[in-house]
Amino acid sequence: MAEIGQDIAKAKSLLEKGELVAIPTETVYGLAANALNPDAAASIFEAKNRPSFDPLIIHTDSVDKINQWVEEIPESLTLLAEKFWPGPLTLLLPRKSIIPDIVTSGLDRVAVRIPSHPLTLELLKTLDFPLAAPSANPFGYISPTSAEHVNKQLGDQIPYILDGGPCQVGLESTIVGIEEREVIVYRLGGLDIREIEAVIGTVKVKTHSSSNPSAPGLLESHYAPRKPFIVGDVASLLPQFLEKGQKVGVLTLSQIFREVPELDQIQLSAIGDLKEAAAKLFAAMRSLDDLNLDVILAEWMPNEGLGKAMNDRLQRASVKA
Ligand code: TXA
Ligand code: MG
């Protein structure tokens with residue numbers, strides 16, 4: 001198992017040696033390495049068992065530093081950076097050659113983000129290189145929102161986990177870039193698109209998946225629990241499983257089902273608050289996955305704002321690879 005603590009100097013010295021450190025962010029925990037060191041970045045793919053065609057996001061603490069690593073930040077994206085960084089926003093920017101191919105999977109753009117977690121920002125300030133960091137989960141599984149989640153699955157492969165408590169946003173960053181001067185959202189995430197549109201006007205959403213994500217890699221099957229995971233109208237799905245005597249887990253926004261034992265169901269927010277629900281979603285999926293159940297039934301979230309990003313994750317979790 002990894003050592004868990006809040007020692008920034010220790011994290012820094014491991015990262016400088018090319019080692020892996022798990023870091024907290026406001027979205028999910030990341031599995032970090034020096035992005036300018038190709039060997040260090042390669043060990044991320046190894047630890048996660050991640051295909052090398054899936055590029056990594058680099059993390060840093062200032063736009064001045066970012067300018068060392070990208071050719072330019074287009075004007076409309078600058079507006080978003082000014083408004084939402086530090087925060088759950090990732091920008092796809094034209095990279096300079098100092099960014100190794102392994103980080104971008106050879107693509108021309110590099111994904112960049114300034115996360116808003118205080119501990120990680122403090123760490124990033126002390127580093128003169130960016131941290132490449134995908135979510136700190138084995139490839140295809142649910143993203144971790146606590147140090148314990150990371151330790152359970154990747155603890156054997158990393159020396160240190162920087163513990164920043166539970167993630168406040170709980171969904172990965174929203175990924176945005178430009179194609180022929182048009183702003184495109186490639187991944188729905190912790191930053192509500194309506195907030196982006198309030199700053200720069202209507203944007204195009206292009207989150208469609210493929211098995212070879214030359215555009216942001218959004219694989220159809222992802223975020224997947226090990227158990228059968230079905231999303232739909234729980235009330236009408238439930239009887240067929242209960243009749244067969246199966247043990248059913250239930251995940252809803254606020255609805256309670258009397259037919260199901262209390263301990264086997266999770267309501268994400270009693271008052272139906274989507275922010276609260278988003279922050280709890282991945283931890284809830286994990287804890288249901290850890291129970292002795294035959295199947296997990298999840299209710300779609302209201303299809304607006306963060307609910308859309310949550311539905312995207314539920315959808316991908318329900319598709320078996
Ligand atoms: O909130 C987050 O974004 C978290 C935290 C740790 O920052 N990170 C995260 O990383 O979710 P990851 O690797 O799990 O997801 C990053 C997504 C991938 O689907 C990847 O394909 C896409 O970003 N991506 C990264 N670099 C890209 C690039 N140069 N062009 C297109 N897509 C890219
Ligand atoms: Mg991920």
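The values are calculated or read from the model by the stated rules, or taken from the named source; none is laboratory data. As the structure is a computational prediction, the values presented were derived from the model and not from experiment. Every residue, glycine among them, receives a Cβ derived from its backbone with ideal geometry; neighbour counts consider all protein chains shown.
Looking at this structure, is D128 surrounded by fewer than 16 Cβ atoms within 10 Å (Cβ to Cβ) and either within 13 Å of ligand 2 (Cβ to nearest atom) or part of a loop (DSSP other than H, G, I, E, B) (or both)? Let's see the steps before the verdict.
Numbers: surrounded by fewer than 16 Cβ atoms within 10 Å (Cβ to Cβ): yes; either within 13 Å of ligand 2 (Cβ to nearest atom) or part of a loop (DSSP other than H, G, I, E, B) (or both): yes.
So D128 fits the description; yes.
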* What number of residues in segment 71-112 are assigned to a strand (DSSP E or B) and among the aliphatic types (A, V, I, L, M)? -> 7
* Asked: What are the residues in segment 151-177 that are touching a strand residue (DSSP E or B) at 6+ places or on another chain (Cβ under 7 Å) and either in the same structural domain as A277 (by TED's automatic domain parsing) or of a type in the set (A, V, I, L, M, F, W, C) (or both), if any?
  -> L154, I158, I161, L162, I175, V176
* Restricting segment 171-204 to residues that are over 17 Å from G87 (Cβ atoms) and surrounded by fewer than 13 Cβ atoms within 10 Å (Cβ to Cβ), the residue that is nearest to the chain's Cα centre (by Cα) -> K204
* To do: Would you mind stating whether P115 is within 16 Å of ligand 2 (Cβ to nearest atom), of a type outside the set (S, T, Y) and within 13 Å of E26 (Cβ to Cβ)?
  => yes
* For A224, are the conditions met, namely being under 26 Å from the mean Cα position of the chain (by Cα), modelled with pLDDT under 95 and outside the structural domain of G305 (by TED's automatic domain parsing)? -> yes
* **Residue in segment 84-122 that is surrounded by the most Cβ atoms within 10 Å (Cβ to Cβ), counting only those that are near ligand 1 (Cβ under 10 Å from one of its atoms) and of a type in the set (K, R)** => R113
* Asked: Which condition breaks for F139 when tested against (1) touching a strand residue (DSSP E or B) at 6+ places or on another chain (Cβ under 8 Å); (2) more than 15 Å from A35 (Cβ to Cβ); (3) not aliphatic (A, V, I, L, M)?
  -> (1)
* Among (1) among the basic types (K, R); (2) within 13 Å of ligand 1 (Cβ to nearest atom); (3) at pLDDT 95 or above - the single one K206 does not satisfy -> (3)
* Test result for V169, in contact with a Gly (Cβ under 6 Å, 6 or more places away or on another chain) and hydrophobic (A, V, I, L, M, F, W, C) -> yes
